[in-house]
Amino acid sequence: MAVPNKDLRIIRKEIENSTDRLPDKIRLGNHFVDDFIFENSEAADIPINALRVIFNIVSIIGNEQFRPTDRPHQLSLFDEEFETDNNTFASIKIRNSKISPSGSTKQVVAAYEFLTKFKMAWHRSENSKGKEIKTFGGLISLPSYDVRGYTTFLISSYWLKKLMVIPEYNYVLYNLVYHIRNNKHIIFAIWLSKIPVMGTSAKLSTLNKKFGLNYRSANDFCFKFLKPARLNLNKYNNLSFNFKCNKDSITIVPYDTSKIVTKEGALHPKESCKINRRLNYLKERFDLQEGEMIQFFYHYRSIAQTRDSIEKAFAEFIKTNRMLKKKSTDYQGRAFLNEIQNIIKKNYADTKMGELFPNGYPVII
């Protein structure tokens, strides 16, 4: 069969944002994420402004996304509209200020140039009738400005299908690409949304390769990449994570950020006062010094799940000392924190998550 002419394009539909209302979150189909962002399990280094284009494309088509198992008739309609002829495209228009809020033409041009050239090739898909459909280009083709501050471009049926027909998908906050400037942190957040709730463990070499990094030790990876990424996601995303490194292995466990508090004012005043009283009690009773308190206080105040683990460990600590007829205050400062950390580790090991990811327990010191 002859390859169709890549210069002959059929434009079947114009897709525009019907409202200026911005979504809280968007649905990223796993097929698109796997093929476009994480091909062969390695993340593409997609610039921040190009990520904004992608997020806005998904935002615009959001009302037309569907799961074929829920709406099989919709898949037939998609095939009839976009997958009966080769080189079939939809036209999409995005306001330039959504790609570069600062108004930089250079940034907008660079974003569209990247997405035009990235993965530029013949792409093949098969429609529901078994017919092979071919389209040529990157994610977008033929971007062009108009005088009203928009860029119009074409998106092929191949990529449109991966964005609209989403048997499996995960939510990502739309404003993530505006609050976080580090593109790798955003790509990490997209990957984080795909991993199981019980977390995952991987070698340093695997994670370096996946995210295009070059850290020499697992400790460097954790504290130079994961720690600032977690701070960003704690503040701006609906999903963040805990991490733990053990020699060359790194464990990452996601958690819902609705369970954390980034500043005291976000708690109900009574709850905030209760937490502060409890922390002051522990500080005075066990002589906790400033340097010893930072991580312990952060986790107790900010992550409800870890706070529960600490309180459970503390109750066990008191009970054990009473059984042994020892004073709990014999443990002061770091010795007290070490006891609580060891009990947390032991309790975590007895859980299902502890069986799967032995190093995923909360680290409070």
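At-a-glance table
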| quantity | calculated |
| --- | --- |
| Selected residue (only one of 172, 165, 197 is surrounded by fewer than 17 Cβ atoms within 10 Å (Cβ to Cβ) and either touching a Gly at 6+ places or on another chain (Cβ under 9 Å) or more than 28 Å from residue 80 (Cβ to Cβ) (or both)) | 197 |
| Check on residue 80, of a type outside the set (Lys, Arg) and within 29 Å of the chain's Cα centre (by Cα) | no |
| Answer from 133, 190, 186, 195 - the residue that is under 21 Å from the mean Cα position of the chain (by Cα), of a type in the set (Val, Ile, Thr) and more than 29 Å from residue 355 (Cα to Cα) | 186 |
| Single unsatisfied condition, residue 287 versus (1) in a helix (DSSP H, G or I); (2) of a type outside the set (Phe, Trp, Tyr); (3) open to solvent by 60 Å² or more (accessible area, probe 1.4 Å) | (1) |
| Leading residue by the ranking (farthest from residue 83 (Cα to Cα)) among those in the range 109-150 that are of a type in the set (A, V, I, L, M) and open to solvent by 80 Å² or more (accessible area, probe 1.4 Å) | 147 |
| Those residues of the range 151-162 which are open to solvent by less than 10 Å² (accessible area, probe 1.4 Å) and either touching a Leu at 6+ places or on another chain (Cβ under 6 Å) or of a type outside the set (Gly, Ala, Ser) (or both), in sequence order | 151, 153, 155, 159, 160 |
| Among (1) touching a strand residue (DSSP E or B) at 6+ places or on another chain (Cβ under 8 Å); (2) modelled with pLDDT of 90 or more; (3) open to solvent by less than 30 Å² (accessible area, probe 1.4 Å); (4) over 16 Å from residue 304 (Cα atoms), the one test that residue 241 misses | (4) |
| Test: residue 292 is assigned to a helix (DSSP H, G or I), touching a residue at least 60 places away in the same chain (Cβ under 8 Å) and over 26 Å from residue 199 (Cα atoms) | yes |
| Listing of helices (runs of 4 or more DSSP H) fully contained in the range 297-365 that carry 2 or more residues being closer than 24 Å to residue 276 by Cα | 304-323, 334-349 |
| Flag for residue 58 being more than 21 Å from the chain's Cα centre (by Cα), of a type outside the set (D, E, K, R) and under 27 Å from residue 181 (Cα atoms) | no |
| Flag for residue 178 being closer than 30 Å to residue 105 by Cβ, surrounded by fewer than 19 Cβ atoms within 10 Å (Cβ to Cβ) and modelled with pLDDT under 90 | no |
| Long-range neighbours under 7 Å by Cβ, at least six apart or interchain, first residue open to solvent by less than 80 Å² (accessible area, probe 1.4 Å) within the range 202-229, second of a type in the set (Lys, Arg) | 211/184; 215/224; 218/247 |
| The range 42-80: number of residues that are open to solvent by 60 Å² or more (accessible area, probe 1.4 Å), of a type in the set (Asp, Glu) and closer than 23 Å to residue 16 by Cα | 1 |
| The range 11-41, subset among the basic types (Lys, Arg) and closer than 22 Å to residue 151 by Cβ, residue most open to solvent (accessible area, probe 1.4 Å) | 21 |
| Yes/no for residue 106 being basic (Lys, Arg), closer than 28 Å to residue 185 by Cα, in contact with a Ser or Thr (Cβ under 9 Å, 6 or more places away or on another chain) and open to solvent by 20 Å² or more (accessible area, probe 1.4 Å) | yes |
| Options 322, 301: the member that is surrounded by 17 or more Cβ atoms within 10 Å (Cβ to Cβ) and basic (Lys, Arg) | 301 |
| Qualifying residue in the range 209-217 (condition: touching a Lys or Arg at 6+ places or on another chain (Cβ under 7 Å) and over 16 Å from residue 38 (Cβ atoms)) | yes |
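The values are calculated or read from the model by the stated rules, or taken from the named source; none is laboratory data. None of the values given here were measured: they were computed from a predicted structure. Every residue, glycine among them, receives a Cβ derived from its backbone with ideal geometry; neighbour counts consider all protein chains shown. With ligands, DNA and RNA removed, areas are computed over all heavy atoms of the protein, side chains included. Shrake-Rupley method; radii C 1.70, N 1.55, O 1.52, S 1.80 Å.
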